[in-house]
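Participant: This is the structure I have questions about; it appears just below.
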Amino acid sequence: MDTKNSDKQSMSVGQVFALAVQHHQARHLPEAEACCKKILEAEPGHANALHLLGIIAYQRKDYDSCISLIQRSLSFNPQNAQALNSLGTVIKAKGNVGKALEYFQQALTLKPDYPEAHYNLAMGYHSQGKLDMAVKSYKQVLSHKENSPEVYFSLGNVFFDQGNMIEAIQSFKKVISYMPNNAIAHNKLGTAYHSQEKLDEAIECYKRAISLIPNFVQPRNNMGCALCERGELEAAAISLRHALKLKPDYADGHCNLGNVLKAQGKLKKAIESYDKAIQFKSDYAMAFNN
C-alpha cells in the first residue's frame, strides 16, 4: 500500500500545498511537484500550485514550461505580485530584459514594498546601462533590507560603472563589514582604489583577496598591474606569471605580462606574451597596438 498517497488523499488542499512548500524549501523538487499536481487534480485553477510548478520548472531551466505555468497562475490570480516577479525573472533569463522590466514594475505597482522585485528591476536597469535608475532601485531595496551585503555589492558595481569610485568604495567596504572573508569584495574594493590610483590601498586589497582564495586569478592579475604602475617590475612579473599558471589562456594576463616585460626592456619576450594574448583573444586591440 502506498501510504504517502493515502496520506495526501486524506489531507486538505491547503495542507497538501503547505507540504509542497516544505518540500520545495528543502529542495525536494520531485516531491514538491507531485504535491502540486495532486492539488491541480482537485483544483485545476489553484494559482499558487501553478506558480510553484512554474518555479520548479525555472529551477530545472525549462523556461518555456515555467512561463506557461506562471501565465496560467496569473489567469486565475492576476493580482499576485510574486507571480509577476517570477514571470519577469524567467523572461529576463530568456534575454528579453525590456519585457521583464514591465513585469517587475507591475509587481511593484501591486506591492510597492517588495524588495525582491526592486532588486530584479535594479539588475535589469544595470544590464541596460540605465545606471541612475539602477542606483535608485537598489536604494529602494536597502530601504527594506538594509543589512544585505548582496545588494551593497551590486550597488557598488553600478557606482563603479558610473565612475563614482567614492561611493563604490563605500559600498564594497559595507559588503566587507558584513562578510570580511569575501575575496570577491576585497578584489572589487582593490579595483576601485586602483582606478583612483591609490596603489598602496589597492595592493593591500588584492593581497587580502589572494590570502582568502589563493587560486583567485583576477587579484593576482590586478596586483601585477598595480605593482607595475608602482615601478616594481619583477614583483609584477611574478604576480602575473602566477595568474597565468592558474589560467594559461588568460589573454589579459598575457598582455599585462607583455607590458611588464616591455618596461623591463625584454622586447622579444614581450612580443611573445602579446602574441599569446592575441592567440587566446583574436580581436585583442591592446595587444595588437603594443
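The values are calculated or read from the model by the stated rules, or taken from the named source; none is laboratory data. Keep in mind that this is a model prediction, so the values were computed, not measured. FYI the Cβ positions are ideal-geometry reconstructions off the backbone, even for glycines, and counts take in every protein chain you see.
Participant: Do we have residue 20 as touching a helix residue (DSSP H, G or I) at 6+ places or on another chain (Cβ under 6 Å) and not aromatic (Phe, Trp, Tyr) here?
Facilitator: Numbers: touching a helix residue (DSSP H, G or I) at 6+ places or on another chain (Cβ under 6 Å): yes; not aromatic (Phe, Trp, Tyr): yes.
For residue 20, the condition - touching a helix residue (DSSP H, G or I) at 6+ places or on another chain (Cβ under 6 Å) and not aromatic (Phe, Trp, Tyr) - is met.
Participant: Which is outside the structural domain of residue 140 (by TED's automatic domain parsing), within 19 Å of residue 27 (Cβ to Cβ) and out of contact with any strand residue (DSSP E or B) (no Cβ under 7 Å at 6 or more places or on another chain), of 72, 60? Talk me through it step by step, then tell me what you get.
Facilitator: Working: 72 fails: within 19 Å of residue 27 (Cβ to Cβ).
Going through 72, 60 in turn, just one is outside the structural domain of residue 140 (by TED's automatic domain parsing), within 19 Å of residue 27 (Cβ to Cβ) and out of contact with any strand residue (DSSP E or B) (no Cβ under 7 Å at 6 or more places or on another chain): 60.
Participant: Okay, next question. So, of the residues in the stretch 242-258 that are aliphatic (A, V, I, L, M) and in contact with a Gly (Cβ under 8 Å, 6 or more places away or on another chain), which turns out to be nearest to residue 214 (Cα to Cα)?
Facilitator: Step by step, filter the stretch 242-258, then rank; the result is 243.
Participant: Please find, within the stretch 166-198, the residue that is farthest from residue 231 (Cα to Cα) out of those that are among the hydrophobic types (A, V, I, L, M, F, W, C) and surrounded by fewer than 18 Cβ atoms within 10 Å (Cβ to Cβ).
Facilitator: Here is the first cut: in the stretch 166-198, the ones among the hydrophobic types (A, V, I, L, M, F, W, C) are 166, 168-169, 172, 175-176, 179, 183-185, 189, 192.
Narrowing the set further to residues that are surrounded by fewer than 18 Cβ atoms within 10 Å (Cβ to Cβ) leaves 166, 179, 184.
Values: 166: 26, 179: 32, 184: 26 Å.
Here the answer is 179.
Participant: Also, quick follow-up: Name the residues in the stretch 136-153 that are touching a residue at least 24 places away in the same chain (Cβ under 8 Å) and either in contact with a helix residue (DSSP H, G or I) (Cβ under 6 Å, 6 or more places away or on another chain) or on the phi > 0 side of the Ramachandran plot (or both), would you?
Facilitator: Of everything in the stretch 136-153, those that are touching a residue at least 24 places away in the same chain (Cβ under 8 Å) and either in contact with a helix residue (DSSP H, G or I) (Cβ under 6 Å, 6 or more places away or on another chain) or on the phi > 0 side of the Ramachandran plot (or both) turn out to be 140, 141, 144, 145, 149, 151, 152, 153.
Participant: Restricting to the stretch 105-144, and then to whatever is outside any helix (DSSP H, G or I) and out of contact with any Asp or Glu (no Cβ under 9 Å at 6 or more places or on another chain), can you tell me which residue is surrounded by the most Cβ atoms within 10 Å (Cβ to Cβ)?
Facilitator: Taking the stretch 105-144 and keeping what is outside any helix (DSSP H, G or I), we get 111-114, 128-130.
Now narrow it down to the ones that are out of contact with any Asp or Glu (no Cβ under 9 Å at 6 or more places or on another chain): 111-114, 128, 130.
On the way: 111: 17, 112: 12, 113: 10, 114: 22, 128: 13, 130: 16.
Ranking the qualifying residues of the stretch 105-144, first place goes to 114.
Participant: Return the pair list, or none, for Cβ contacts closer than 7 Å from residues in the stretch 185-212 that are free of Cβ contacts under 8 Å to residues at least 24 places away in the same chain to residues that are of a type in the set (Gly, Ala, Ser) and buried (at least 21 other Cβ atoms within 10 Å of the Cβ), at least 6 apart or on different chains.
Facilitator: What qualifies is 205/190; 206/190; 206/226.
Participant: Another question, if that's okay. For the stretch 76-104, name all the residues that are polar (S, T, N, Q) and crowded, with 20+ Cβ neighbours inside 10 Å.
Facilitator: If the condition is that a residue be polar (S, T, N, Q) and crowded, with 20+ Cβ neighbours inside 10 Å, then 80, 85, 86, 89 are the ones that fit.
Participant: Criterion first (in contact with a His (Cβ under 8 Å, 6 or more places away or on another chain) and basic (Lys, Arg)) does residue 208 satisfy it?
Facilitator: On the way: in contact with a His (Cβ under 8 Å, 6 or more places away or on another chain): yes; basic (Lys, Arg): yes.
So residue 208 passes the test.
Participant: Also, I was wondering about something else. Looking at (1) surrounded by 24 or more Cβ atoms within 10 Å (Cβ to Cβ); (2) within 20 Å of the chain's Cα centre (by Cα), find the lone condition where residue 160 falls short.
Facilitator: (1)
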